[in-house]
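A.B. asks: Here it is, the structure, as structure tokens.
The values are calculated or read from the model by the stated rules, or taken from the named source; none is laboratory data. Model, not experiment: these values are computed from the prediction. Every residue, glycine among them, receives a Cβ derived from its backbone with ideal geometry; neighbour counts consider all protein chains shown.
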Amino acid sequence: MFKDIKLDKVFKARLDKHLDELKWLYSELYHNDQQAFDYFLCMLHQYYKEREPDLKEWDEARELVPDWYRGNEMLGMQMYVNCFNKTLQGVKEKIPYLKESGTNYIHLMPLLKSPKGRSDGGYAVSDFRQVDPELGTMDDLMQLTTECHKNGMSVCMDFVMNHTSDEHEWALRAKNGEKEYQDRYFFFDNWNIPIEFEKTVPQVFPTTAPGNFTWCEQAHKIVMTTFYPYQWDLNYKNPTVFNDMTANMLNLCNHGIDIVRLDATPYIWKSFGTNCRNLPQVHTLVRIMRMATEIVCPGTLLLGEIVMEPSKVVPYFGTVDKPECHMLYNVTTMASTWHTVATHDVRLMKHQLGQVFALPKEYVFLNYLRCHDDIGWGLDYDYLYQFGVNEVRHKKYLNDYFCGHYPYSDARGELYNDDPRLGDARLCGTTASLCGVEAAEYERDDAKLEKAIKLDVMLHAFLLTQSGIPIIYSGDEIGQLNDYTYHENPEKWDDSRYLHRGAFKWSEAANRRSNSKRPGKIYKAIRKLEKLRAKHRVFDSSADCWIVETYNDHVLGIGRYYRSEKMIALFNFSDNDETAWIDEVEDYKDMLTNKKRPAKAVGIPANDFAWLITSYK
Ligand code: GLC
């Protein structure tokens, strides 16, 4: 019983701060199940006790500076362990490269045990307590996080909480007919209820894994599988599931994970007759998890993966008083960026950024151009309608553009989960290939290559201009191209996301200091921008940001101001040279050349950008 435990002082102080709310929310969700709540509290205390002294020191330091992740210093990189350097030990060996690349935050893609060939890139976990043996051991993970911390780097890892693999122990026992374990999932005796569910629940993988339910031959029942058929949805209405999964998360934190990426967050609560997305109970669960980390390991951040339309994303920050996630992916800005590339029209982006700029500065976004997933065209169509844009036709245009189907497009992408019924295909490809680098190199067209590299670098400059934490997708820093080998691999060929999940090309990275080769050109240009970002406080997340009117629909203008530094950033999304018709009174310098450059009627070459800065001191 929790009341019989002699509590540590620090733990008690943190718990006291949250106990009322915690108890209230937990009781409401779990119908006053006192036994489950007692178990939950004992579990929290156990993980607190087990936490290494070094990590506790970090916790205390970060508690003193709760906004430690909100400055302008953070720079992330996300990577698959096997693609980057084979194993966790291998990643550790490459810490010098990561540091040279300015990275102080690494996101290691799923690395826990997962069945070969039925793993959804590691997102079907069969053991939350074991690293995939091909990648290493839990000890290796601990060693890697320790080494990262010594080098001033934080480590992020996925916590795949919506489902387990159908080879997870719970699933195996459920297949064997153990009712207790079937109750941890959603099991049905016949199709009556699943068919009703299908009427209101959309599909995540309409072509690669249609439907939300799968027949389980062994149990002779039907099981809910929102993602792939081998990813069984967990039933969070069962408090045992929540208690054990929270324990699994805290176990990762106790292995030195600083940032927990809550995979597929919106899906974790299912309810008959709804779309099973973003239900109020999801917010309760996330809020409880936030309190759990604040009690056990307050140095840890929660990163929500909310790939949803704009209005659904921001609520996952919770409120300033009752926060949920510390950070969220800026998925709408990401998708709008690629829309802007394909249309050369910045009006949607201005509208989108205007909304982001209006949010409280406590809300931290993770900004990115590409990640391991497809680009879904979740744009603000309500806004686009006024320009006569039709959603289905527009998605088709974007997909055609990025698959290089137009003579004026050098992008090389592939469709993902093409659903002809809804006209809803999504898109895959690396940043460089989508910017035209691949086509230019294939055609050996130097002028084209220059143009493609310009676009690639400009997009990174735009990424780095945004408030929050920029995350580079490993390989993008050297302009790595698509990897077509997945077409020959039966375990991967039906999932085009593998197009941009190729092995990191160390042979290309070796050219990162070259002035003439593509990897060097991109790497050096991005590094220069990153260094400027880290040096200038105007990039701090607390800066005021606004849209600068350029009177040119091809040129995006962003203003930033923080503690006497003011910056005007201009991005030309057109293939032609353009002018930003601005007229700012101060004396500006070009940040890249350090030379004077008036912020008046600024000419910007095609696909280029300008970073202008002034200081009031
Ligand atoms: C997230 C991951 C994606 C995975 C899915 C199911 O969206 O980013 O790669 O397929 O969750 O776990």
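A.B. asks: From the set of residues in the stretch 106-120 that are over 14 Å from residue 144 (Cβ atoms) and either more than 13 Å from the ligand (Cβ to nearest atom) or of a type in the set (Phe, Trp, Tyr) (or both), which is nearest to the chain's Cα centre (by Cα)?
C.D. replies: 113
A.B. asks: A further question on this structure: Of all helices (runs of 4 or more DSSP H) completely enclosed by the stretch 372-489, which ones contain at least 3 residues that are among the hydrophobic types (A, V, I, L, M, F, W, C) and at pLDDT 95 or above?
C.D. replies: The helices (runs of 4 or more DSSP H) meeting that bar are 431-435, 437-443, 446-465.
A.B. asks: Of (1) within 15 Å of the ligand (Cβ to nearest atom); (2) among the charged types (D, E, K, R); (3) surrounded by fewer than 21 Cβ atoms within 10 Å (Cβ to Cβ), residue 169 satisfies all except one. Which?
C.D. replies: Unmet for residue 169, out of (1) within 15 Å of the ligand (Cβ to nearest atom); (2) among the charged types (D, E, K, R); (3) surrounded by fewer than 21 Cβ atoms within 10 Å (Cβ to Cβ): (1).
A.B. asks: How many of the residues making up the stretch 456-479 are buried (at least 24 other Cβ atoms within 10 Å of the Cβ), in contact with a Pro (Cβ under 8 Å, 6 or more places away or on another chain) and not β-branched (Val, Ile, Thr)?
C.D. replies: Residues in the stretch 456-479 being buried (at least 24 other Cβ atoms within 10 Å of the Cβ), in contact with a Pro (Cβ under 8 Å, 6 or more places away or on another chain) and not β-branched (Val, Ile, Thr): 2 in total.
A.B. asks: Please count how many residues of the stretch 226-244 are crowded, with 22+ Cβ neighbours inside 10 Å and either of a type outside the set (Phe, Trp, Tyr) or assigned to a strand (DSSP E or B) (or both).
C.D. replies: The number of residues fulfilling the criteria is 5.
A.B. asks: May I ask you to list the residues in the stretch 250-280 that are assigned to a helix (DSSP H, G or I) and away from the ligand (no atom under 15 Å from the Cβ)?
C.D. replies: 250, 251, 252, 253, 280
A.B. asks: How many residues does the stretch 204-225 contain that are away from the ligand (no atom under 16 Å from the Cβ), in a loop (DSSP other than H, G, I, E, B) and surrounded by 17 or more Cβ atoms within 10 Å (Cβ to Cβ)?
C.D. replies: 1
A.B. asks: Another one. Report those strands (runs of 3 or more DSSP E) wholly inside the stretch 96-203 carrying at least 3 residues which are over 21 Å from residue 84 (Cβ atoms).
C.D. replies: Passing ranges, in order: 127-131, 163-165.
A.B. asks: Please list, ordered by first then second residue, the pairs with beta carbon atoms under 8 Å, 6 or more apart or interchain, first in the stretch 80-102 and closer than 22 Å to residue 520 by Cα and touching a residue at least 12 places away in the same chain (Cβ under 8 Å), second of a type in the set (Lys, Arg) and assigned to a loop (DSSP other than H, G, I, E, B).
C.D. replies: Note: pairs meeting the criteria are 83/501; 84/94; 85/94.
A.B. asks: Shifting gears a bit: Return yes when residue 164 is touching a residue at least 24 places away in the same chain (Cβ under 8 Å) and either closer than 30 Å to residue 418 by Cα or within 16 Å of the ligand (Cβ to nearest atom) (or both) and no when it is not.
C.D. replies: yes
A.B. asks: Can you pull out the residues in the stretch 99-121 that are surrounded by fewer than 22 Cβ atoms within 10 Å (Cβ to Cβ) and under 22 Å from residue 301 (Cα atoms)?
C.D. replies: Once the filter is applied, which keeps residues that are surrounded by fewer than 22 Cβ atoms within 10 Å (Cβ to Cβ) and under 22 Å from residue 301 (Cα atoms), the stretch 99-121 yields 99, 102, 104.
A.B. asks: In the stretch 522-544, is there at least one residue being within 24 Å of the chain's Cα centre (by Cα), among the hydrophobic types (A, V, I, L, M, F, W, C), surrounded by 19 or more Cβ atoms within 10 Å (Cβ to Cβ) and in a loop (DSSP other than H, G, I, E, B)?
C.D. replies: Looking through the stretch 522-544, at least one residue is within 24 Å of the chain's Cα centre (by Cα), among the hydrophobic types (A, V, I, L, M, F, W, C), surrounded by 19 or more Cβ atoms within 10 Å (Cβ to Cβ) and in a loop (DSSP other than H, G, I, E, B).
A.B. asks: Related question: Have a look at 314, 307 and point out the one that is of a type outside the set (Gly, Ala, Ser), farther than 17 Å from residue 373 by Cα and either in contact (Cβ under 8 Å) with a residue 12 or more places away in the chain or in a helix (DSSP H, G or I) (or both).
C.D. replies: 314
A.B. asks: To continue, here is another question. Which residues, taken from the stretch 281-324, are crowded, with 19+ Cβ neighbours inside 10 Å, within 16 Å of the ligand (Cβ to nearest atom) and of a type in the set (D, E, K, R)?
C.D. replies: 305 - this is the single residue of the stretch 281-324 that is crowded, with 19+ Cβ neighbours inside 10 Å, within 16 Å of the ligand (Cβ to nearest atom) and of a type in the set (D, E, K, R).
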